[in-house]
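Engineer: Supplied in structure tokens, the structure appears directly below.
The values are calculated or read from the model by the stated rules, or taken from the named source; none is laboratory data. Source: prediction; values computed, not measured. Every residue, glycine among them, receives a Cβ derived from its backbone with ideal geometry; neighbour counts consider all protein chains shown. Remember, those area values only see protein heavy atoms, side chains included, never the ligands or the DNA or RNA. Shrake-Rupley method; radii C 1.70, N 1.55, O 1.52, S 1.80 Å.
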Amino acid sequence: ISAPSKKIWITGAGTGIGRSLALQYAAAGHQVLITGRNLSNLVSVANHFPDAITAFIWDVTDDESCNLMCDAIDQHLGGLDIAILNAGHCEYVEHGEVNCDLFRRVYDVNVFGMVNSIAVALPRLKRSADLSDRRGQIVGIASLSAVVGFPRAEAYGSSKAAVNMVMRNFSADPLGRDLIVTNFHPGWVQTDMGGSSAAITPAKSVTALRK
């Protein structure tokens, strides 16, 4: 007897770890909703499995569009079993020139963007668990740099250390006890994460994006 299909949301799924996970889950027969800020990357991923992957442009730092993301999950997945919070941004401190703007940009995506994503995912994971008697799972993608210091990674490493503690404390909180809370610390992965962070209008379906 095959395992039932799961409904999975992956942020930052246009490249790297998020892209790989989306393709593997879709190949295994699950329904996947992917989000990110780069149109062409998202379409490239969704085109591999157009019947299994739905893509939406969503900037995790846009507090006011969280309700649009909620609607997208409800409409296109009809529930949520797994949320993989993978969106990230990296900028390195160059020549010892530390400035608050750099730290804010990195923290805005890696920390506050994760908080926005948790706020969207949590009620939907709990609702699906109540309906199916299966615990939902929330996955935070931290980094090896959260536990091991690396040169020039003061902003990125410390933001991922914050991600680590958000997830660890969340797992101990009554809000998270009914969920499977998982925190990963991957090493270096080749992506364009350190590139442009320009925002794109949120919440467009992949069908509209392909026109």
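Engineer: Select from segment 165-176 the residues that are surrounded by fewer than 15 Cβ atoms within 10 Å (Cβ to Cβ) and in contact (Cβ under 8 Å) with a residue 40 or more places away in the chain and list them in ascending order.
Structural biologist: Of everything in segment 165-176, just one residue is surrounded by fewer than 15 Cβ atoms within 10 Å (Cβ to Cβ) and in contact (Cβ under 8 Å) with a residue 40 or more places away in the chain, namely 175.
Engineer: Out of (1) closer than 26 Å to residue 123 by Cβ; (2) without any contact (Cβ under 8 Å) to a residue 40 or more places away in the chain; (3) open to solvent by 10 Å² or more (accessible area, probe 1.4 Å); (4) not in a loop (DSSP other than H, G, I, E, B), what's the single condition that is false for residue 19?
Structural biologist: Result: residue 19 passes all but (1).
Engineer: Under the condition of being assigned to a helix (DSSP H, G or I) and within 22 Å of residue 138 (Cα to Cα), which residue from segment 22-44 is most open to solvent (accessible area, probe 1.4 Å)? Walk me through it before giving the result.
Structural biologist: In the first step, residues of segment 22-44 are kept if they are assigned to a helix (DSSP H, G or I); the result is 22-27, 39-44.
Applying the additional criterion that residues be within 22 Å of residue 138 (Cα to Cα) yields 22-27, 42.
Values: 22: 0, 23: 32, 24: 119, 25: 62, 26: 8, 27: 72, 42: 1 Å².
Looking at residues that are assigned to a helix (DSSP H, G or I) and within 22 Å of residue 138 (Cα to Cα), I get 24.
Engineer: Here's a follow-up. Can you go through 52, 28, 22, 46 and tell me which one is hydrophobic (A, V, I, L, M, F, W, C) and within 22 Å of residue 187 (Cβ to Cβ)?
Structural biologist: Numbers: 52 fails: within 22 Å of residue 187 (Cβ to Cβ); 28 fails: within 22 Å of residue 187 (Cβ to Cβ); 46 fails: within 22 Å of residue 187 (Cβ to Cβ).
Just a single option satisfies the conditions, and that option is 22.
Engineer: Turning to a different aspect of this structure: So if I check each of 102, 85, which one is touching a Gly at 6+ places or on another chain (Cβ under 6 Å) and under 18 Å from residue 145 (Cα atoms)? Explain how you work it out, then say what you get.
Structural biologist: On the way: 102 fails: touching a Gly at 6+ places or on another chain (Cβ under 6 Å).
Among 102, 85, only 85 is touching a Gly at 6+ places or on another chain (Cβ under 6 Å) and under 18 Å from residue 145 (Cα atoms).
Engineer: Here's a check for you: in segment 121-145, which residue that is polar (S, T, N, Q) and touching a helix residue (DSSP H, G or I) at 6+ places or on another chain (Cβ under 6 Å) is farthest from residue 79 (Cα to Cα)?
Structural biologist: Here is the first cut: in segment 121-145, the residues polar (S, T, N, Q) are 128, 132, 137, 143, 145.
Still in the list and also touching a helix residue (DSSP H, G or I) at 6+ places or on another chain (Cβ under 6 Å): 143, 145.
On the way: 143: 28, 145: 33 Å.
Among them, the one singled out is 145.
Engineer: Restricting attention to strands (runs of 3 or more DSSP E) lying wholly within segment 48-164, give those where 1 or more residues are open to solvent by 10 Å² or more (accessible area, probe 1.4 Å) and of a type in the set (S, T, N, Q).
Structural biologist: Per the criteria, 53-57, 137-141.
Engineer: Mind listing just one residue for me: the one in segment 1-16 that is out of contact with any helix residue (DSSP H, G or I) (no Cβ under 9 Å at 6 or more places or on another chain) and within 24 Å of residue 74 (Cβ to Cβ) and, of those, surrounded by the fewest Cβ atoms within 10 Å (Cβ to Cβ)? Steps first, answer last, please.
Structural biologist: Narrowing segment 1-16 to residues out of contact with any helix residue (DSSP H, G or I) (no Cβ under 9 Å at 6 or more places or on another chain): 1-3, 5, 16.
Still in the list and also within 24 Å of residue 74 (Cβ to Cβ): 3, 5.
Values: 3: 8, 5: 13.
Among those that are out of contact with any helix residue (DSSP H, G or I) (no Cβ under 9 Å at 6 or more places or on another chain) and within 24 Å of residue 74 (Cβ to Cβ), it is 3.
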